[in-house]
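A.B. asks: Structure in structure tokens, see below.
Quick note: the coordinates plus some simple rules give every number you see, no bench work behind them. What you see is a predicted model, and the numbers here were worked out from it, not measured in a lab. Cβ coordinates were reconstructed from backbone atoms using ideal geometry, including for glycine residues, and neighbour counts include every protein chain displayed.
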Amino acid sequence: MPRSNRRRRDDGPDASIERLIAGWRRTETRRGREWSVQPMPSGRSEKTYTCPGCGGVIATGVAHVVVWREDGVLGARSDLADRRHWHTRCWQLS
């Protein structure tokens with residue numbers, strides 16, 4: 001049987017966390033706190049979210065950013081679990 005050169009997707013419990021961390025993540029400081037900001041391209045936006053900045057809906061297929069704290073007292077896993085999806089413009093104006 002020929003070998004497949006495609007990478008296999010790991011769907012374990014930490015797979016979504018690892019996929020979120022990978023990519024063009026950057027760190028920003030806002031109001032004295034550090035935040036990780038991960039752009040979410042339209043092709044990877046598979047669910048509907050509510051933007052905490054404007055309260056509006058981020059529809060499926062709309063590019064946006066995913067934001068989480070980097071300096072929470074409960075650690076990185078807790079911070080990542082509390083991540084929020086923002087319209088890019090709302091995050092820029094916050």
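A.B. asks: Quickly work out the residue 30-to-residue 57 label distance, labels modelled 7 Å from Cα along the C-beta direction, and quote it in nm with one decimal.
C.D. replies: Between residue 57 and residue 30, the simple spin-label model gives 2.3 nm.
A.B. asks: Taking amide H positions as placed 1.01 Å from N in the peptide plane, with prolines and chain starts having none, which residues 5 or more places from residue 58, or on another chain, fall under 5 Å of its amide H?
C.D. replies: 49, 50, 51
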